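First the structure, in the form of structure tokens, and then the observations on it.
Derivation of every value follows stated rules applied to the coordinates shown; laboratory data play no part. These numbers were taken from a predicted model, which means no experiment stands behind them. Please note: Cβ atoms are built from the backbone with ideal geometry, for glycine as well, and neighbour counts cover all protein chains shown.
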Amino acid sequence: MFAIRSTRSRVILQIVLTIIVVPFLLPLIAMVSGSLAGEGWGNYTTVLSVPELPLFFRNSAIIAAATIAIVYAVTMAGAFGFSKLHVRAKELYFWMLLATLTLPEAVLLAPLFATATALNIYNTYWAVILPMAALQVPFAVLLARNFMNGIPDELLAAARIDGAGSVKIFWYIMLPLTKPIGAAIVVFTLIGAWNDYLLPLVFLVDPTTQTITQLPQFFVGEFNQDQTKVLASAVITAIPEIVAYLCLQRSFERGLTAGALR
Amino acid sequence: MTIASAPARRRAGKRGGLDRPAATGHRRSGFRPAGYAWILPALVLSVGLIYYSIGYTGYISTLSWNGTSPDPTQVGLHNFTQLFSDHVFWLAAQHTIISFVATFVIQTVLGVVLAVMLHSRPWAGVLYKIVLFVPVVLAPAITAPVFRQIFAANGPLNALLQHVGLGAIAVPWLAQPGTSLMAIIAISIWQWTGMTFILYYAAMGQIDPEVLEAAELDGAGNVRKLVSIVWPSLRGTTIALLTLSAIGSLKTFDIPWLVTVGGPDYSTEFFGTMIYRQSIILSQVGYGAAISVMVILLALVMGVAINVRPWRSRAAAGAS
């Protein structure tokens with residue numbers, strides 16, 4: 001895009017870029033080197049031998065998978081309705097949905113706590129999955145509806161003439177055509193669910209249900225403030241996230257460019 | 001919040017591989033089957049759960065309640081009068097504004113500069129992109145222990161400062177009220193610049209190369225192109241990011257809670273940490289709900305402000 005011709009300006013570009021980016025790398029290096037201080041790799045073997053460790057990963061995986069499934073199903077159906085079907089006062093409903101985008105999850109704590117206790121789902125996955133999905137759906141619907149608006153109505157009209165009902169059109173036309181944005185929604189929801197800290201902190205109380213974001217706290221208790229072990233556990237939790245990002249990088253960037261945030 | 005405007009929809013259409021001019025979504029094209037059943041699940045889940053919670057919060061905010069006792073006391077608006085005279089609440093408001101302005105300005109500058117540099121085909125550009133974006137996908141809960149260590153009195157940051165002869169400014173960053181908020185802001189910037197960068201990077205990729213070539217033929221240099229062509233065409237992205245950071249600043253919780261627990265002396269208290277402290281730690285659920293009500297009102301005002309924004313039509317015109 002920008003013409004850099006001389007070798008000199010090329011070198012300057014590279015140096016300035018490196019100077020800006022290195023501070024972003026340093027905390028990651030500090031994390032890894034801190035985790036290897038003291039007993040070195042021994043920190044990792046100690047952390048990995050903690051019997052509760054797999055439970056945290058399992059819980060996070062279950063919660064993320066359920067949240068993604070719910071968000072995807074609800075969002076795609078909702079966006080189809082908002083984009084292509086007749087609903088009276090559609091805009092009103094849409095605005096009611098979008099208004100929730102601005103709300104921090106902290107403001108929902110007290111009522112959700114009281115409700116979860118009353119419904120007896122406190123310390124179960126549902127107490128986290130349902131509010132998390134509810135908070136993710138509005139943005140996902142916004143993305144998906146904008147994407148679906150780009151699919152020509154003529155296509156649906158043609159299918160309708162051929163005798164396809166709404167369900168068939170949704171299944172055989174909309175879902176395949178919305179795969180790019182669908183993938184982006186899955187990635188966003190995955191990051192949101194996997195990284196969420198507050199809801200699991202409040203609603204899940206022991207290692208049989210807690211998620212990986214509670215791990216550092218758990219290890220602070222477990223290893224009596226031994227910082228090297230805590231950092232080793234942080235590295236172990238960070239690795240799957242980085243691997244997942246590297247694998248899903250394309251869908252993620254495509255989702256962002258698919259007409260979402262412009 | 002309609003972040004995407006008409007041009008975005010058009011682009012989305014192109015991306016879907018459909019060559020028709022799109023954006024016919026709102027026009028009635030003959031028979032349209034009813035869609036209530038399709039939008040119902042989304043409405044029940046999100047609107048239902050969230051509006052129910054908001055209503056419930058409003059009710060709880062009039063109580064003096066510890067969260068478990070079966071018969072809470074009605075106190076009317078007492079929680080709110082107490083809140084307005086609570087200096088911690090005003091501190092939280094102040095911190096929210098400071099951190100919103102600081103993170104938005106710094107991230108925008110860094111994001112644009114980095115996007116421009118990485119569009120100039122540097123060597124190993126992909127590696128830089130990955131380093132910038134990894135913090136975005138890592139949970140603050142996972143990175144918080146590292147930052148507690150980095151900013152510690154005898155931590156790596158101060159070691160580095162002493163090493164380069166800046167030992168005089170090496171302070172226990174998180175342990176004194178004057179610097180703790182700066183540290184929290186720095187961590188937010190570390191975490192979210194990758195997001196700003198990637199959005200600007202994507203937006204710059206949408207600029208028609210022919211326009212840039214034409215400008216180049218007319219003798220425009222790199223700076224001129226950046227100021228006159230690139231930056232104006234990023235306007236939509238900047239507004240979207242402004243919106244996202246404003247919302248994000250109201251949601252701040254993870255980083256200050258995990259790194260400094262809102263302290264020392266409430267110097268890094270935000271609305272989120274205050275609500276959590278009052279509702280869960282101190283069991284002042286009624287008071288916590290009153291703070292929540294104020295935050296909901298703020299979010300509402302902000303949402304309205306964003307949507308009646310005078311620049312909306314101009315932005316749409318500028319983007320196309």
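From Cα pairs below 8 angstrom and at least 6 apart in sequence, can you work out the relative contact order of segment B:59-103, rounded to a whole percent?
The normalised contact order for segment B:59-103 reaches 26 percent.
Find how much the distance from A:A157 to A:I29 grows on full extension, using 0.36 nm per residue of separation minus their present alpha carbon separation; answer in nm with one decimal.
40.5 nm
With label points built 7 Å along Cα→Cβ from the Cα atoms of A:V22 and B:Y52, find their separation and express it in nm.
For A:V22 paired with B:Y52, the spin-label model returns 5.5 nm.
Using only Cα atoms, tell me the angle between helix A:109-118 and the longest principal axis of chain A; keep it within 0 to 90° and round to the nearest 10.
That works out to roughly 80 degrees.
Report, to the nearest 10°, how far helix A:7-35 tilts away from the longest principal axis of the Cα atoms in chain A, using its own Cα long axis and a range of 0 to 90°.
Computed tilt is about 70 degrees.
Quickly work out the B:T68-to-A:T117 label distance, labels modelled 7 Å from Cα along the C-beta direction, and quote it in nm with one decimal.
Going from the A:T117 label point to the B:T68 one covers 0.7 nm.
In which sequence would B:V146, B:V211 go, from the one with the fewest C-beta neighbours within 10 Å to the one with the most?
B:V211, B:V146
Please report A:W194, A:W126 as a ranked list, fewest other C-beta atoms within 10 angstrom at the top and most at the bottom.
Lowest count first: A:W126, A:W194.
Note down the relative contact order for segment A:107-262 as a percent, whole number, built from C-alpha pairs under 8 angstrom at least six residues apart.
32 percent
I need B:M182, A:M132 ordered by Cβ neighbour count within 10 Å, fewest first.
B:M182, A:M132
So what is the calculated 222 nm ellipticity per residue for chain A, using -39500 (n - 2.57) for each DSSP H run with n of 4 or more, over all residues, to the nearest 500 deg cm²/dmol?
That calculation yields -23500 deg cm²/dmol at 222 nm.
With springs only between Cα atoms under 10 Å apart, run a GNM on chain A and tell me which of A:A183, A:A144, A:A89 wobbles the most.
In this elastic network of chain A, the residue with the biggest mean-square fluctuation among A:A183, A:A144, A:A89 is A:A89.
Explain nothing, just the number: relative contact order of chain A, from Cα pairs under 8 Å at least 6 residues apart, as a whole percent.
Over chain A, the number comes to 33 percent.
Anything in chain B that counts as a DSSP H helix reaching 20 Å or more along its axis (C-alpha) with Kyte-Doolittle mean of at least -1.0? List them, would you?
Membrane-span-like by this criterion, though nothing is claimed about a membrane: B:87-119, B:177-205, B:235-251, B:285-307.
For B:V301 and B:A168, calculate 0.36 nm times their separation in residues minus their Cα-Cα distance, and state this gained length in nm to one decimal.
Extra length from B:V301 to B:A168 when fully extended: 43.5 nm.
Could you work out the local net charge near B:V137, counting Lys and Arg as +1, Asp and Glu as -1, over the other residues with Cβ closer than 15 Å to its Cβ?
-2
Kindly provide the helix-only [θ] at 222 nm of chain B, computed as the sum of -39,500 (n - 2.57) over DSSP H runs of four or more divided by all residues, to the nearest 500 deg cm²/dmol?
-20000 deg cm²/dmol, from helical runs alone.
If I model a spin label as a point 7 Å beyond the Cα along the Cα-Cβ vector, how far apart are those points for B:V261 and B:S85 in nm?
In this crude spin-label approximation the distance works out to 2.9 nm.
A:C247 to A:E52: FRET efficiency via 1/(1 + (r/R0)^6), r the Cβ-Cβ distance, R0 35 Å, to the nearest 0.05?
0.80
List the residues, sorted by chain then number, that are 5 or more residues from A:H86 or on another chain and whose placed amide H is less than 5 Å from its amide H.
Residues meeting the amide H criterion: B:A34, B:G35.
For segment B:73-88 and segment A:177-204, what is the separation of their Cα centres, given in Å?
36 Å
Could you please state, rounded to a whole Å, how far the C-alpha centre of segment B:218-284 is from the C-alpha centre of segment B:159-190?
The two parts, judged by their Cα centres, are 20 Å apart.
Quick one: of A:K84/B:K251; A:K90/A:K179; B:K129/B:K251; A:K84/B:K225, which pairs are farther than 29 Å apart, Cα to Cα?
A:K84/B:K251; A:K84/B:K225
Take chain A, connect every pair of alpha-carbon atoms lying under 10 Å apart with a spring to form a Gaussian network, then pick out the residue of A:I212, A:I185, A:I242 with the largest mean-square fluctuation.
Largest GNM mean-square fluctuation: A:I242.
In terms of modelled amide H atoms, which long-range or inter-chain residues lie less than 5 Å from the amide H of B:L63?
B:V75
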